[in-house]
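Have a look at this one.
Throughout, read-outs are computed from the coordinates displayed, never taken from laboratory work. The structure presented is a predicted model; accordingly, all values stated were derived computationally and were not measured. Because the Cβ atoms are built from the backbone with ideal geometry, glycine has one as well, and the counts that use them run over all protein chains shown.
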Amino acid sequence: MTALWIPGRPQPAARARARRGGPGYYPPEYDAWLQAARIHVLNQRPERLEGPVSVLAVVHPDGVEALVGSAGNYRCRRPKGLRGDLDNLAKALLDALQATKGIGGAYRNDSQVVDLHIFFDPDPGRPRAV
C-alpha cells in the first residue's frame with residue numbers, strides 16, 4: 001500500500017461545462033484543485049500499480065489521505081460493459097490519483113479501481129496517518 005496526502009480543501013467533481021462552438025471546460029475552482037492535487041501526487045512518487053487497485057480514502061477539512069494498493073486477486077471484478085467511476089463523490093480523488101499523460105500517478109487509469117472505501121474523517125482533531 002502507498003500512503004498519499006493531498007493538502008487543500010477537497011473539491012467535489014464537477015461536470016464539464018459546454019462552450020458554444022468550443023471545447024468543454026471545468027469550473028475554475030475544481031480545475032485548480034485537480035491540477036494542484038495531481039502535482040502533489042506526482043511529487044510523492046507513488047509506485048504505479050498495474051491490474052486491479054484498492055483505494056481507502058479519508059476526507060479531512062484540510063486535505064485527503066489515501067492508501068492505494070494492489071487488489072491482487074480481488075474476488076469482485078468490474079462487470080463487462082459497465083462504464084464510469086465507482087462513485088461520483090470519489091471521482092475527483094480517483095482522477096487526481098491517476099497518471100496524467102502517462103506521467104506519475106498511483107495507477108494508469110481509474111477504471112483499475114475495483115475496491116473503494118471513502119469516508120469523512122470521524123475525528124477531525126486527531127492527527128492524520130499520512
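Using the Cα centre of the stretch 2-120 as origin and beta-carbon charges of +1 (Lys, Arg) and -1 (Asp, Glu), tell me which of ALA90, GLY24, GLY69 is placed farthest towards the positive end of the dipole.
About the Cα centre, the residue reaching furthest to the positive side is GLY24.
Tell me which residues come under 5 Å, amide H to amide H, from VAL59 once H is placed; ignore anything under 5 positions away on its chain.
PHE119, PHE120, ASP121
Sort TYR25, TYR30, TYR107 by Cβ crowding within 10 Å, fewest neighbours at the top.
Lowest count first: TYR25, TYR30, TYR107.
Can you sort LYS101, LYS91 so the residue with the fewest Cβ neighbours within 10 Å comes first?
Ranked by crowding around the Cβ, least crowded first: LYS101, LYS91.
Just how far, in whole angstrom, is the stretch 3-44 from the stretch 57-73 if you go by their alpha carbon centroids?
17 Å
Given the stretch 2-120, what whole percent of its Cα pairs are spread farther than 24 Å?
25 percent
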